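Written out below as structure tokens is the structure these notes cover.
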Amino acid sequence: MRILKLALATGFALLIASGSAYAITVKKRIEAPGLPPEVWAEVGAFCAIEKWHPAVAKCEESKEGDTTFRTLTLKDGGKIKEKLTGTEDVAYTYDIVESPLPIKNYKSKLWLELDDEPDRTVIFWQSDFDANGASDEEAKKIVTGILGDGVKGIKKVAITAWDAKHPDEAASDDDDDDDADKK
């Protein structure tokens, strides 16, 4: 009986471990001018995504009890409902609750870190999910595009804010946007 329990426990542990091995991860990063708190002041509100993501036409924030949600209306007419799951000084995490995207079990984090260059921020956006109704490659390609466009949009907002605060030094965008394609 003891051996059977041990075998069942081991099998269950292997099942759980192998289940998470199938999740797809996409991570994008890009550098931008300004310190993380300055950049976050421009882009960090949960519904500020409508200001920096080119696919988002409108964002509506709502509360259900103590839980915050945002509903994104996309420029193509689609809608995505997301649930805020955590916040930090210059970061937040969220889950997608409803979406037309071919994904499920979607969890994401957007955060900023201080770059090793003075007055610079590194923008990160990472999502973990499973494909749903599409191949892993197709789902990954879609999310890669969404995150890539997003970090580039945040960078544009950061450059505009930097230039407004430093008109004499108007930041030259010498960064290569290919940085957003790093994983």
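Could you list, in their original order, any pairs among 58/104; 27/63; 63/155; 51/155; 107/140; 28/155 whose Cα atoms are separated by more than 19 Å? With Cα atoms farther than 19 Å apart: 58/104; 27/63; 63/155. Among rounded, prolate and oblate, which fits region 25-181 when a ≥ b ≥ c are the square roots of the eigenvalues of its C-alpha gyration tensor, a/c under 1.5 means rounded, and a/b larger than b/c means prolate? It is prolate, given that a/c is not under 1.5 and a/b is the larger ratio.
Could you list, in their original order, any pairs among 79/165; 81/165; 79/141 whose Cα atoms are separated by more than 24 Å? With Cα atoms farther than 24 Å apart: 79/165; 81/165. Summing charges over all other residues whose Cβ lies under 12 Å from the Cβ of residue 48, with Lys and Arg as +1 and Asp and Glu as -1, gives -1.
None of the figures in this text is laboratory data; all of them are computed from the coordinates on show. Note that the coordinates shown come from a computational prediction; the quantities given were computed from them, not determined experimentally. As a convention, Cβ positions derive from the backbone with ideal geometry for all residues, glycine included, and neighbour counts pool all protein chains shown.
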